[in-house]
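Asker: Please see the structure below; I have some questions.
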Amino acid sequence: MNAQDPGRIVLLTSSHRVAPGLLSWPAWQTLRAADRVLCAERDHPQLPYLREAGVAVEHTAPPADELVDDCAGGRTVVVLVGGEGDQRLTDGLARLGGSGRVRMPDLELLPGSYDLPGARLLDLVQVMDRIRLSCPWTSQKTHEGLAKYAIEEAYELVEAIEDGDREELREELGDVLLQVVFHARIAQEDQEEPFGIDDVAATIVEKLIHRHPHVFGDETAETADDVRAHWLRTKAIEKQRESVTDGVPLGQPGLALAAKLGSRARAAGLDVPLPEGAAADGTGYRLLALAVRAEEDGIDPEAALRAAARTYRDAIRAAEGLTAGPEGVED
């Protein structure tokens with residue numbers, strides 16, 4: 001060991017979103033080779049697994065100058081830090097290094113584990129659980145009481161997409177996701193048929209795999225139309241529906257409903273003439289015909305009408321002498 005070698009300090013971090021003990025190979029190598037392993041937290045989640053692996057951990061938090069002195073002679077000291085880091089230690093090391101009076105050991109930040117994609121969803125579930133237990137408003141909500149918010153958030157998401165606002169899109173996606181987690185948390189409390197967010201996720205995973213045999217199985221699909229045709233066939237078998245119109249929610253906006261019915265009939269190869277109404281209610285039938293024809297032409301009639309309505313709104317504002325902002329709203 002070189003007496004002139006200032007040694008090394010390794011700050012070892014780990015994600016609380018990954019099961020304790022699942023550390024990277026470089027982390028385990030560093031821990032086993034270290035001269036000292038320190039941890040100020042007696043309840044640090046990694047400690048039982050380090051003890052099982054034969055790694056001795058000292059429950060101490062020496063100040064920065066003592067830690068630097070301990071590294072002299074080429075020694076390596078590993079410090080296990082929590083998810084929030086160790087501000088006291090890092091600030092102390094920064095002051096010593098900035099003073100220019102101390103020969104500093106090498107300082108290394110070693111992530112022992114990384115968040116996997118989707119790991120922040122675990123945070124959302126935990127936060128929702130705490131709010132459900134502690135918030136007077138949230139704790140009283142039911143599926144029925146929340147239903148209207150799901151519709152509102154879905155429309156706000158569509159508006160963000162049509163506006164092309166990326167920041168707004170990210171926020172509205174989060175609001176829609178919250179509705180899913182919120183409803184799943186409420187469902188968990190049901191006395192007769194409880195289920196939670198893991199059950200919700202498992203159901204959609206199973207459905208996606210089953211309906212994509214060209215991805216997870218032996219079937220092939222060359223075009224998007226091939227995929228859609230298989231999807232519809234699979235749904236028909238799963239749901240055992242008597243009619244192609246079964247499962248079409250009649251409570252959705254009228255143009256979307258008309259287009260969906262037209263799409264179902266066309267996909268089933270049915271040539272169904274459009275109905276004609278009496279003069280008193282002929283407007284609805286004319287709108288029905290327009291919506292069905294728009295769908296046949298690959299146009300979303302709801303989106304087309306919203307775009308036209310926005311243009312009309314801007315024209316009204318212009319007639320009033322008002323200036324529209326980037327999204328058609330006065331600044």
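The values are calculated or read from the model by the stated rules, or taken from the named source; none is laboratory data. Keep in mind that this is a model prediction, so the values were computed, not measured. We place every Cβ from the backbone using ideal geometry, glycine too, and count neighbours over all the protein chains shown.
Asker: For segment 82-98, what are the residues that are at pLDDT 85 or above and not small (Gly, Ala, Ser)?
Answerer: Of all residues in segment 82-98, those at pLDDT 85 or above come to 88-98.
Result: Arg88, Leu89, Thr90, Asp91, Leu93, Arg95, Leu96.
Asker: Looking at Leu22, is it under 22 Å from Leu93 (Cβ atoms) and either within 39 Å of the chain's Cα centre (by Cα) or not in a loop (DSSP other than H, G, I, E, B) (or both)?
Answerer: no
Asker: So Arg101 clears everything in (1) modelled with pLDDT of 90 or more; (2) charged (D, E, K, R); (3) not in a helix (DSSP H, G or I) except one condition, right? Which one?
Answerer: Arg101 satisfies every listed condition except (1).
Asker: Next question. Does Pro62 satisfy being part of a loop (DSSP other than H, G, I, E, B) and surrounded by 18 or more Cβ atoms within 10 Å (Cβ to Cβ)?
Answerer: So Pro62 fits the description; yes.
Yes or no, residue by residue, for (1) in a helix (DSSP H, G or I); (2) in contact (Cβ under 8 Å) with a residue 60 or more places away in the chain; (3) within 24 Å of Gly118 (Cα to Cα):
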site	(1), (2), (3)
Tyr149	yes, no, no
Ala154	yes, no, yes
Val176	yes, no, yes
Ala184	yes, no, yes
Glu192	no, no, no
Val215	yes, no, yes
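Asker: Also, quick follow-up: Checking Val127 against (1) in contact with a strand residue (DSSP E or B) (Cβ under 8 Å, 6 or more places away or on another chain); (2) exposed (fewer than 15 other Cβ atoms within 10 Å of the Cβ); (3) at pLDDT 90 or above, only one condition comes out false. Which one?
Answerer: (1)
Asker: Can I ask one more? Taking the options Ala154, Ala150, name whichever one is at pLDDT 90 or above, closer than 21 Å to Glu171 by Cα and surrounded by 15 or more Cβ atoms within 10 Å (Cβ to Cβ).
Answerer: Being at pLDDT 90 or above, closer than 21 Å to Glu171 by Cα and surrounded by 15 or more Cβ atoms within 10 Å (Cβ to Cβ) holds for just one of Ala154, Ala150, which is Ala150.
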